[in-house]
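A short reminder: the numbers here are calculations on the coordinates, not readings from a lab. Just so we're clear, the structure is a prediction, and the values are computed from it rather than from any experiment. Neighbour counts are summed over all protein chains in view; Cβ atoms, including those assigned to glycine, are modelled from backbone coordinates with ideal geometry.
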Amino acid sequence: MDHTHHSMDRQIFNMNCSVEATSLYIVVTSLVGDNQRPTLEAIRGRWTISTEALDLALEELMGRGILERYPGPEGELLFFPQPASLWR
């Protein structure tokens, strides 16, 4: 399974996501594009809004198939953007 969709898909702007969810998508694709592991810790390092807003944005993006959560090699969670063909 290829879950390393590297570049930001501009289709995100047509999905009517919340501003926070769209911002989170940009943060995650930026991390992946910079060859950094998209862990919750790395995301929080670039996140400038509240933790509650981050939790809601993660829930929104995962619920719509835009982000998927995978277990990392050290047991940490990794959040990878999915191809737009999988978005709902």
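Kindly provide the helix-only [θ] at 222 nm of the chain, computed as the sum of -39,500 (n - 2.57) over DSSP H runs of four or more divided by all residues, to the nearest 500 deg cm²/dmol?
-12000 deg cm²/dmol
Suppose each label sits 7 Å from its Cα in the direction of the beta carbon; what would the THR39-ASP55 distance come out to in nanometres?
2.1
Find how much the distance from ILE26 to GLU68 grows on full extension, using 0.36 nm per residue of separation minus their present alpha carbon separation; answer in nm with one decimal.
Length gained, ILE26 through GLU68: 13.7 nm.
If the chain between SER7 and GLU76 were fully stretched, how many nm would it gain, using 0.36 nm times the residue separation less the Cα-Cα distance?
22.6 nm
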